[in-house]
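**Student:** If you scroll down you'll find the structure; I have some questions about it.
Each value in this text was obtained by applying a stated rule to the coordinates, not by laboratory testing. Treat the numbers as computed from the prediction; the structure is a model and nothing was measured. Methodologically, a virtual Cβ is constructed for each residue, glycine included, from the backbone with ideal geometry; neighbour enumeration extends over all protein chains shown.
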Amino acid sequence: MKIKNICCIGAGYVGGPTMAVIAQKNPEIKVTVVDINKERIAAWNDENVENIPIYEPGLSAVVAEARGRNLFFSTEVDKAIDEAEMIFISVNTPTKTYGIGKGMAADLKWIELCARQIARVAKEDKIIVEKSTLPVRTAEALKSILDNTGNGVNFQILSNPEFLAEGTAIDDLHNPDRILIGGDSSSKAGKIATQALVDVYASWVSEEKILTTNVWSSELSKLTANAFLAQRVSSINAMSELCEHTGADVNEISRAIGMDSRIGPKFLKASVGFGGSCFQKDILNLVYIAKSFGLNEVADYWEQVIIMNDHQKRRFAENIVKTLFNTVSGKKIALLGWAFKKDTNDTRESAAIYVADYLLNERAEIVVYDPKVKAEQIYADLDYLGSRNPEENRNLLKVVEKPYTACKDAHAIAVLTEWDEFKAYDWENIYNCMLKPAFLFDGRNILDRKKLANLGFATNSIGLPAVQMSKEKKLTSLATAG
Ligand code: UDX
Ligand code: UDX
Ligand code: ADP
């Protein structure tokens with residue numbers, strides 16, 4: 001079976017880039033990405049391709065190449081469903097904030113709405129592809145809704161989890177480690193559907209990288225991959241705290257263990273804590289599923305990864321307060337970076353949100369600079385926590401357009417995202433316009449500590465002993481003070 005029309009429901013961080021690349025690599029397939037969010041679709045259709053709603057290196061070029069040729073963005077969901085032989089579901093599945101499974105289970109409300117809409121509209125057989133990260137056995141729920149509410153047409157459900165990481169999405173899509181497709185291999189229709197999706201990817205991915213499994217393995221592999229990756233970050237972060245107490249250097253440890261080919265060098269960067277829309281959500285989901293089968297040891301094992309991450313974020317913020325002589329009340333603290341990692345404007349679960357909230361509770365005055373995140377997003381993130389009313393958030397926290405404005409007259413600077421541009425700043429200039437002692441908390445270990453110490457900074461990094469300003473500097477600053 002050759003696919004001619006693809007529809008993707010959900011024009012977000014996953015659906016947008018993935019469909020752009022599928023369209024780029026399959027010019028003979030018409031790909032329509034639909035979303036109920038009108039502004040988002042309008043932004044995807046913006047004449048100036050730099051205004052698309054997601055910042056991702058290389059994405060605008062791919063969109064420019066395919067948009068209007070065989071890639072379309074639209075709010076006409078029913079029409080796109082009707083025309084497509086293959087429908088990707090790529091809507092958001094946040095953690096539930098109410099009722100059973102609150103704070104743990106994935107909220108499948110949006111998935112269910114999609115399924116009901118597809119069932120209502122479809123007049124011919126369709127292949128449904130789960131693209132969102134979903135709890136194991138969601139495919140079964142989808143099938144049940146489709147089969148029981150549809151117009152008597154046949155639906156094949158495939159699970160095709162996305163492994164792209166934000167900030168490198170286009171590269172990851174162009175050169176994936178693997179493509180995973182879960183389908184029903186016991187039926188002929190299931191095999192045909194699986195092959196149809198294999199063919200879509202085979203336009204640019206070599207066949208040995210395309211794995212086919214049963215649906216449940218595919219769904220659980222996605223949760224497992226994210227749980228393992230997050231666990232590596234929590235493991236190295238746990239070691240970072242031990243390093244700070246023993247004089248070992250966490251960067252040296254990462255290097256030393258990463259050279260063991262069984263461990264490997266990636267995902268061993270100690271940090272202020274992992275963020276992003278996937279890690280926490282997927283682990284909570286895994287914990288919830290394990291608990292629902294009564295597997296308490298399994299649940300506790302994975303939950304510890306989250307506990308460690310929360311601890312890392314909190315202790316980073318606590319350390320700022322302690323170092324600033326146990327009070328930050330009324331002190332200006334500059335936060336460099338708000339995104340959950342560099343090269344993205346996504347802020348979901350970003351450590352910066354929790355660090356800012358902690359410092360605001362301590363009555364700090366915060367000024368934020370991030371090269372890609374907009375002020376309205378920063379306020380929305382804080383308001384969502386509900387720690388204080390929106391007006392207070394706007395009074396206590398300011399967002400500025402220039403890093404130097406953020407740092408001027410600050411008591412301390414905290415680096416929360418590893419944006420490359422932070423390394424290139426004129427740190428001498430920044431030092432000169434700060435209050436002294438000039439404290440710097442590097443939550444990503446990206447700045448040159450020696451250089452900063454020579455300039456006079458008192459630097460705290462993750463998993464390394466604190467570095468005081470250099471001796472000559474101390475003497476000269478004492479001399480000028482005296
Ligand atoms: C280990 C370390 O590998 C080695 O670097 C260190 O110097 C000493 O400790 P060893 O205990 O000899 O070496 O064996 P290893 O191959 O690491 O296996 C340890 C245990 O883990 C074994 O019981 C093995 O069966 C088990 N294992 C290992 C698994 O159950 N699954 C695996 O995937 C790997
Ligand atoms: C992750 C998975 O990598 C991807 O395969 C999946 O499809 C979605 O979830 P993403 O959340 O976009 O991708 O980013 P990732 O690069 O995995 O980083 C997640 C968080 O961990 C970030 O906050 C990052 O800063 C942090 N991190 C990562 C570390 O603190 N240290 C590391 O060594 C690696
Ligand atoms: P992800 O990171 O998984 O891509 P996003 O939140 O970035 O998540 O994107 C999900 C998109 O799905 C949002 O733009 C949202 O408006 C859209 N969406 C959610 N439910 C529906 C629905 N029933 N029909 C169409 N679009 C939907």
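**Student:** Over what distance in Å are the Cα centres of region 68-127 and region 154-188 separated?
**Tutor:** Spelled out, the Cα-based centre of one part sits 16 Å from the other.
**Student:** With r defined as the distance between the Cβ atoms of F228 and A189 and R0 fixed at 30 Å, what FRET efficiency is calculated, to the nearest 0.05?
**Tutor:** Using R0 = 30 Å, I get an efficiency of 0.35.
**Student:** Quantify how much of the Cα-Cα distance distribution of the chain extends past 33 Å, in percent.
**Tutor:** Summing the P(r) tail past 33 Å for the chain gives 43 percent.
**Student:** Go through K222/K423; K313/K423; K79/K281; K4/K109 and tell me which ones have a Cα-Cα distance over 25 Å in this structure.
**Tutor:** In this structure, K222/K423; K79/K281; K4/K109 exceed 25 Å between Cα atoms.
**Student:** With label points built 7 Å along Cα→Cβ from the Cα atoms of T327 and K79, find their separation and express it in nm.
**Tutor:** Each label point is offset 7 Å from its Cα along the Cβ direction, giving 6.4 nm.
**Student:** Could I ask something else about it? Can you give the FRET efficiency to the nearest 0.05 for K109 and N51, using r as the Cβ-Cβ distance and R₀ = 25 Å?
**Tutor:** 0.25
**Student:** Still on this structure: What order, most packed first, do the peptides 281-289, 6-14 have when packing is the mean number of other Cβ atoms within 10 Å of each residue?
**Tutor:** 6-14, 281-289
**Student:** Apply the Debye scattering formula to region 216-482, with a single equal point scatterer on each alpha-carbon and no solvent, then give log10 I(q)/I(0) at q = 0.07, 0.10 Å⁻¹.
**Tutor:** Results for region 216-482 at q = 0.07, 0.10 Å⁻¹ read -0.26, -0.53.
**Student:** OK, next. Using only alpha carbon pairs under 8 Å that are at least six residues apart, calculate the relative contact order of the chain and give it in whole percent.
**Tutor:** RCO, the chain: 11 percent.
**Student:** Could you give the length gained by full extension between S144 and F293, i.e. 0.36 nm per residue of separation minus their alpha carbon distance, to one decimal place?
**Tutor:** Additional length available on full extension: 51.5 nm.
**Student:** To continue, here is another question. What is the extension gain from R262 to H245, computed as 0.36 nm multiplied by their sequence separation minus the C-alpha to C-alpha distance, in nm to one decimal?
**Tutor:** Difference between extended and current length: 3.4 nm.
**Student:** Sticking with this one: With a/c under 1.5 counting as rounded, go ahead and sort region 184-312 into rounded, prolate or oblate using the C-alpha gyration tensor (a ≥ b ≥ c being the square roots of the eigenvalues; past the cut-off, prolate if a/b is larger than b/c, else oblate).
**Tutor:** Cα axes put region 184-312 in the oblate bin.
**Student:** Pull out a ≥ b ≥ c, the square roots of the eigenvalues of the alpha-carbon gyration tensor of region 1-125, then state rounded if a/c is under 1.5, prolate if not and a/b is larger than b/c, and oblate in the remaining case.
**Tutor:** Here region 1-125 falls in the oblate category.
**Student:** Sticking with this one: Rank the residues D260, D442, D82 as a footprinting-exposure proxy: fewest other Cβ atoms within 10 Å of their Cβ go first.
**Tutor:** Least to most surrounded, the residues fall as D260, D82, D442.
**Student:** If you average the alpha carbon positions of region 229-254 and of region 1-58, how far apart do those two centres end up, in angstrom?
**Tutor:** Comparing the Cα centres of region 229-254 and region 1-58, I get a distance of 39 Å.
**Student:** A further question on this structure: Which entries in K341/K450; K266/K451; K332/K436; K30/K342 show an alpha-carbon gap greater than 21 Å?
**Tutor:** In this structure, K341/K450; K266/K451; K30/K342 exceed 21 Å between Cα atoms.
**Student:** Right, here's the next one. Taking a spot 7 Å from the Cα of I36 along the direction of its beta carbon, which residues of region 62-82 have an amide N less than 14 Å from it?
**Tutor:** Residues 75-78 fall inside that zone.
**Student:** Counting only helical runs of four or more DSSP H residues, what would the 222 nm mean residue ellipticity of the chain come to if each run contributes -39,500 (n - 2.57) and the total is spread over all its residues?
**Tutor:** For the chain, the value works out to -14000 deg cm²/dmol.
**Student:** Contact order normalised by length for region 153-214, with contacts defined as Cα pairs under 8 Å and 6 or more residues apart; what percent is it?
**Tutor:** 37
**Student:** Once the Cβ-Cβ distance between R120 and S217 is put in as r, and R0 is 30 Å, what FRET efficiency do you end up with, to the nearest 0.05?
**Tutor:** 0.45
**Student:** Please give the contour-minus-distance gain from K402 to I307: 0.36 nm per residue of separation, less the Cα-Cα distance, rounded to one decimal in nm.
**Tutor:** Full extension of this stretch gives 30.7 nm more.
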